[in-house]
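To start, the structure itself, in structure tokens.
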Amino acid sequence: TGVTEGVRAMTGVRVSLTTFADFTGARGPERARIAARLREMYEDRSRRGWNYYREFDAAFVGGLRDGDLDARLDRVVTEAVLPGQARHFAELAEGARTLVSRIGAVRVLPCSPRTWTHGELTLSVSPQVAVELRDGTQEVWFLYHKERRLEQGTADAALFVLGEVIRESGTSAVPRVVDVRAGRRFGLGRNRNRSRLSTFVTEEADELVR
């Protein structure tokens, strides 16, 4: 689809990888709403949100690193102050515990925030957590916090972007998108057509900023 007549195309747009993943997985009115919210924030910078989950992410990563995950998760739930935050943090904490119970202890590795750019769209690929599993496998996790359960099809676009970011950083870690509430981590299937996925991601990036 082309640019709607009378509507200025957006330039220099920066959004989260979560927003992009939601857009690629949305259909019909929901997809239009995501694009509309993005344009509202683009045209009125005062409408941009804050990092609602920052304190939870700090507790999760710190707990994995220092071995006191339960205590940190309990504390971040208790100390939540924003509307609805305590409930969201409690659900995320339950999922985080489920995830760790499934994979066991991990070693947290250094990991810096990065971005991915295509055309006028820049995606903030954060929060990321780099870990080493007990068998020595290194993974980079992108944390997905939303109530909506992540599906493989929605995770694939984010996995492609995360994989590109990892490749550009010069490491060989395995990209994973983690649905924190569900305690589940996603990876690209071995038979997934990367070329087709690459085309899909770039087309969606163009569509989001029209």
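Quick look at the numbers
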{"quantity": "Of all DSSP beta bridges in the chain, antiparallel share, percent nearest 5", "calculated": "60 percent"}
{"quantity": "Residue-by-residue Karplus 3J(HN,Hα) for the stretch 109-125, coefficients 6.51, -1.76, 1.60, Hz, glycine and proline x", "calculated": "10, x, 7, 9, x, 9, 10, 10, 10, 9, x, 8, 10, 10, 9, 7, 8"}
{"quantity": "Relative contact order for the chain, counting Cα pairs under 8 Å that sit 6 or more residues apart, in percent", "calculated": "24 percent"}
{"quantity": "In nm, spacing of pseudo-spin labels at R97 and L133 (7 Å Cα→C-beta vector)", "calculated": "2.3 nm"}
{"quantity": "Which labelled figure in (i) 22.7, 69; (ii) 17.6, 56; (iii) 23.8, 82 is Rg and Dmax of the Cα atoms in Å, once derived from the coordinates", "calculated": "(ii)"}
{"quantity": "Virtual spin-label span in nm between N191 and A86, 7 Å along Cα→Cβ", "calculated": "4.9 nm"}
{"quantity": "Of the DSSP H helices in the chain, those whose Cα atoms cover at least 15 Å axially and whose Kyte score averages -0.5 or more", "calculated": "54-66, 85-103, 152-169"}
{"quantity": "Apportionment of accessible area to carbon and sulfur, the stretch 35-188, percent (1.4 Å)", "calculated": "47 percent"}
{"quantity": "Å² per residue, accessible surface of the stretch 75-143 at 1.4 Å", "calculated": "51 Å²"}
{"quantity": "L82 - accessible surface, heavy atoms, 1.4 Å probe, Å² rounded to 10", "calculated": "60 Å²"}
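The values are calculated or read from the model by the stated rules, or taken from the named source; none is laboratory data. Just so we're clear, the structure is a prediction, and the values are computed from it rather than from any experiment. All Cβ positions, even for glycine, are placed from backbone atoms using ideal geometry, and neighbour counts span all protein chains on display. With ligands, DNA and RNA removed, areas are computed over all heavy atoms of the protein, side chains included. Shrake-Rupley method; radii C 1.70, N 1.55, O 1.52, S 1.80 Å.
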